[in-house]
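Worksheet: one structure, shown below.
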Amino acid sequence: MFADIATITVKAGNGGNGLVSFHREKYVAAGGPDGGDGGNGGDVVLVADAQLSTLTDFRYKKIYKAGNGQDGRAKKSSGKNGENILISVPAGTLVKDAESGKIIADLKKSGDRFIAAKGGRGGWGNVHFATPTRQVPKFAKPGQKTVERTLTLELKLLADVGLVGFPNVGKSTLLSAVSSARPKIANYHFTTLEPNLGVVTAGEAGSFVMADIPGIIEGANTGIGLGHEFLRHIERTRILLHIVDISGTEGRNPVEDFDIICEEMEKFNPALAQKPQIAVGNKMDVLYDDSLQKEFENAMKERGIEVFFISAAAHKGTQELMKTVASKLKEIPIPEFDVEEDDFESVKMAGKDFDISVQNNVYSVQGDVILKIIESTNFDDYESLQFFQNALRTNGIIAALVEAGIEEGDTVKLYDIEFEFVN
């Protein structure tokens, strides 16, 4: 399936740092700790919006950062939380982790939300670390830091309206006539190799997305020409404008062309043939045989299909056609499409807790839990170092080092922190 794709970078706000502070008041010689907590960082949230139809806006803005939490304040006052940032995307957008390619969210309907980047937790102020034996804690917990994350947005419902027809019948010309899209237009077959998108505004009737879909030839359902690609593109549309060359300048019969394409769609997927269609006879400005128009009009009437005659090149009859399309779309519900369950695998923001590697009796320990412990430690404060040692023990790091064969006096390296192991 062809899709509108955009890549963005998101970063949640960092958590604010907890504060080391002590109560100061006249006639109170030894006030206790009163450092407040840091505020939480803001989230980056994707929100599905039914009013949007494309990912065009993400071509111009690609980086989104939420606000950082403020640091804690004295008198046990917490810092302000960072501002969330809301990013509107079209309903039907798939969200993928750019690194793994895994689908992490499917925003199917308007109002669906997904937290793409969770804000960091605010750090604790030193008031939390006071105990009967530690009455003057001179350390606090830093706020949680966040990392940038790259996401791929894929719009699975590509267009409301698909332009179908044989090559060179004027599909690209019509798209350029009624929208700001500028597809490649030339007088030879298969000029369009991939769909071109255009947003059509039909006055008070509303707006919609229209796709100029690659031309089809007989035998497309077996893969001839651009067959399978063409047919996959139109599966997602809600209504089809079936364009024929009514002029007869290339010696083709419009009714036969119409029937051939309908047959190819039926063979590929019977549901395609059931899609609402409007027949459009194009190139009226160069019509040389009025009988072709009459024959086509009668044939469509027999099939119960509404027909319009236009000249896309001369912009004649195009606006009336677009208003009719906009009106019909209001009566056709937006379809929902299932995604294979195997595609869904939530990407964990945190990796494995820690890994140990050994080289020349130096035991290197790395991992998310290690970073959190380091961030929470003031290495210039004795009580904070006791807190650090206890955190290594309670998180199973000391036991893992012993299991790995560490002995007293060996060196432990936690990123930039090195110390001798004493159990």
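The values are calculated or read from the model by the stated rules, or taken from the named source; none is laboratory data. Keep in mind that what you see is a predicted model, and the values were worked out from it rather than measured. No Cβ is skipped: glycine too gets one built from the backbone with ideal geometry, and neighbour counts run over all protein chains shown.
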#### Entry: Sole exception among (1) assigned to a helix (DSSP H, G or I); (2) crowded, with 16+ Cβ neighbours inside 10 Å for GLU320, by number
(2)
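Residues in the stretch 98-116: is at least one more than 25 Å from the chain's Cα centre (by Cα) and among the β-branched types (Val, Ile, Thr)?
The initial filter retains those residues of the stretch 98-116 that are more than 25 Å from the chain's Cα centre (by Cα), namely none.
Scanning the stretch 98-116, I find no residue that is more than 25 Å from the chain's Cα centre (by Cα) and among the β-branched types (Val, Ile, Thr), so the answer is no.
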### Query
Which ones in the stretch 372-396 are touching a residue at least 60 places away in the same chain (Cβ under 8 Å) and under 41 Å from the mean Cα position of the chain (by Cα)?
LYS372, GLU375, SER376, THR377, ASN378
### Message
I'd like the residue in the stretch 338-392 that is in contact with a strand residue (DSSP E or B) (Cβ under 7 Å, 6 or more places away or on another chain) and among the β-branched types (Val, Ile, Thr) and, out of all such residues, is modelled with the lowest pLDDT.
### Response
VAL347
### Message
I'd like the full set of residues that are touching a strand residue (DSSP E or B) at 6+ places or on another chain (Cβ under 8 Å), surrounded by fewer than 21 Cβ atoms within 10 Å (Cβ to Cβ), under 23 Å from GLY42 (Cα atoms) and not hydroxyl-bearing (Ser, Thr, Tyr), limited to the stretch 107-148.
### Response
GLY111, ASP112, ARG113, PHE114, ILE115, VAL147, GLU148
### Message
Among the residues of the stretch 397-418, what is the count of those that are touching a residue at least 12 places away in the same chain (Cβ under 8 Å) and either assigned to a loop (DSSP other than H, G, I, E, B) or among the small types (Gly, Ala, Ser) (or both)?
### Response
9
### Which listed residue is modelled with pLDDT of 90 or more and surrounded by fewer than 21 Cβ atoms within 10 Å (Cβ to Cβ), from ASP49, ASP43
ASP49
### Summary
Scanning the stretch 234-256 residue by residue, those farther than 17 Å from GLY304 by Cα, crowded, with 22+ Cβ neighbours inside 10 Å and not aliphatic (A, V, I, L, M) turn out to be THR237, ASP245, SER247
### Task
Being assigned to a loop (DSSP other than H, G, I, E, B) and not charged (D, E, K, R) is the filter; apply it to the stretch 270-303 and report the residue that is modelled with the lowest pLDDT.
TYR288
### Task
Tell me the strands (runs of 3 or more DSSP E) entirely within the stretch 149-227 that contain at least 3 residues that are at pLDDT 50 or above, under 30 Å from the mean Cα position of the chain (by Cα) and small (Gly, Ala, Ser).
none
### Query
On the given criteria, is LYS75 at pLDDT 90 or above and either buried (at least 16 other Cβ atoms within 10 Å of the Cβ) or in contact with a strand residue (DSSP E or B) (Cβ under 8 Å, 6 or more places away or on another chain) (or both)?
no
### Query
Name the residues in the stretch 263-293 that are free of Cβ contacts under 8 Å to residues at least 40 places away in the same chain, farther than 12 Å from SER247 by Cα and surrounded by fewer than 18 Cβ atoms within 10 Å (Cβ to Cβ), would you?
GLU263, GLU266, ASN269, PRO270, ALA271, ALA273, GLN274
